[in-house]
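Down below is the structure, laid out as structure tokens.
Throughout, read-outs are computed from the coordinates displayed, never taken from laboratory work. These figures come from a predicted structure and were not determined experimentally. FYI the Cβ positions are ideal-geometry reconstructions off the backbone, even for glycines, and counts take in every protein chain you see.
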Amino acid sequence: MAVDQNNGQVDPSVPENYEHLLEDYSQFAPPAADEVVQGTVLGITAKDVIIDFGYKSEGIVPLDQFLSPSGEITVKRGDVVDVMIDRSEQVEGYVLLSHTKAARLRIWDDLDKAANDGLVLSGRVLGRVKGGLAVDVGVKAFMPGSQADPRPVHNLDALIGQDIPVKIIKLNRRRGNVVVSRKMAVEEEINSRKTVTLEHLVEGAAVTGTVKNLTEYGAFIDLGGIDGLLHVTDMSYGRITHPSEMLQVGQEVAVRILKFDRTKERVSLGIKQLEPDPWETVPDRYPIQTRVIGRVVNVTDYGAFVELEAGVEGLIHISEMTWSRRMKHPSKVVKAGDQVEAVVLEVHSKDRRISLGLKQLEPNPWTTIDSRYSVGSVVEGRVRNMTDFGAFIEIEEGIDGLVHVSDLSWTKRVKHPSEILKKGMIVQAVILNIDSASHRLSLGIKQLQPDAWESYFQTHQAGDTVHGRVCRLASFGAFVELAEGVEGLCHFSEVPGFVGRRTGEGPPIQIGEEHDFKIIKMSEAEKKIGLSLRAVTADEEKNRLEDYQRQAAAATTTIEEVMSLKDRGHE
């Protein structure tokens, strides 16, 4: 006996052998109006797609529901697709189905499940909308700008057209609203990768990462959920001024972990540490006094840096560029990019320094100066520089001599060499001293002419009366110019009337006065001449007295002669 399907009782009118037939054909019952079922494509006509969806009659779906935006058919015979009954009536013996409605319902089911389970979906960014971006996740969803990335994004337009991972943070099926977040999806992925990465990070290990960002001081490398800093100084043993010279964003690079702070999750990375340090073998490869060739990479005020190989640079100090001292800046000799030959002077591998020299390629002119010049010889050169104490004269390339301010003139009291010389002037001088070991050469210009003092001492002696002009005064006496460059001192005690003068009265003689003076003392070694104005006055008085006496004697003689004549007349 069969069981009545309505009340669950045995129906005696239905034979038992028909019960299985009812069960077999129950599958052909039409699905509910909002039920999504799967059907198989049986054929494609000019307007419809014929679908077998398990009912006693096939169904049809309008062909335009299976067309791509470019007009191409997206299904073929045998494909399984989602459909649902569109209307209960039949069209030409087929049940009218809708793939679009079924897909929409299926999408919302998937979105419900993703929202409830916290799943990550893939969405395509459609474009900008107010406050964020429109994202296609099967339906049009909204992503706020603050949910675009874990870090602030300044250009949301850069995401348009990209397929991005998102998580649903709000869903309202009745209103058709979906809000998604790329930030949450990325953070979840980062945290997942970070957990795995942290388990394998160890200092000294070589790992692979992706360049995430470039800065002035280095690059951030994504190691898998955690970023490491690759400082610019750890990129290469060679000279790197900016990370972009070596890396670009998105590039995959091999790095070595230099330091790892697990607590703060800070990682320091290096690329150059993957290779041996070239400075370890520099002393063996660049012995002192060997000649090397390199490229000038930088020129400073104090010298030029020369790259001998990647990571190894040497400094040519400005003092080692030329034997001449007249060079003001290294750029006068070399410039960046030049290929130069130099001599290795010093190597300090621990300090990573190599001292190089250019002038050592040429012979040192000071080593042969004694054989080429002699004291007392006259040389000619250009005034290269002047200081308060003298002038430097270049007599040949690399050889400068100093003319001290006291050796400029016999007669003129020179306070600064610019009173007699000008920079660039060609002058002659006498070599006074040669010190080749100290690279010093003493010159004199006044020695080209006879010494005025020497000439004066040869033509005058103590007791001579000379004429002079008072040129300057001191507290003890007056300096008198006797000839050009020759002065004598007349102490105030040697001036008539000085004794007995009251305190506060002016000097007994004034600047500019001219008098005759008597030389009372001479010292050629000390170049000193003592003068006396009082002695001249005394001589004058003595001379007047002697003249008077002579005149008186002459007058007496005349009187005696007259008297004698008178006496002879009386006789």
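Some observations on this one:
- Pairwise FRET efficiency - HIS404 versus GLN551, Cβ, R0 = 56 Å, nearest 0.05: 0.40
- Residues GLU307 and ASP112, FRET efficiency given R0 of 60 Å [Cβ-Cβ distance, rounded to 0.05]: 0.40
- Highest-first arrangement of 49-58, 242-251, where packing means the average Cβ count within 10 Å: 49-58, 242-251
- Gain upon complete extension [SER523, ARG291; 0.36 nm per residue less C-alpha separation]: 77.4 nm
- The DSSP beta bridges internal to region 201-274 are antiparallel in roughly 90% of cases.
- The chain: projected area of the alpha-carbon convex hull, averaged over directions, in nm²: 65.3
- Anchor LYS446: aspartates and glutamates whose Cα lies under 17 Å away (excluding residues fewer than 8 positions away in-chain): GLU380, ASP407, GLU419, GLU454, GLU484
- Highest to lowest packing among 64-72, 266-274, 460-468, scored as the average C-beta count within 10 Å: 266-274, 460-468, 64-72
- Expressed to the nearest 5 percent, the antiparallel share of DSSP beta bridges inside the chain is 90 percent.
- Per-residue ellipticity at 222 nm, computed for the chain from helices alone with -39500 (n - 2.57) per DSSP H run of at least four residues, works out to -5500 deg cm²/dmol.
- Relative to the current alpha-carbon distance between GLU513 and ALA336, full extension at 0.36 nm per residue lengthens the span by 56.9 nm.
- The calculated FRET efficiency for the pair SER319 and SER374, based on their C-beta separation and a Förster distance of 25 Å, comes to about 0.35.
- In this structure the amide hydrogen of VAL49, modeled in the peptide plane, comes within under 5 Å of the amide hydrogens of VAL61, LEU63, none closer than 5 places in sequence on its chain.
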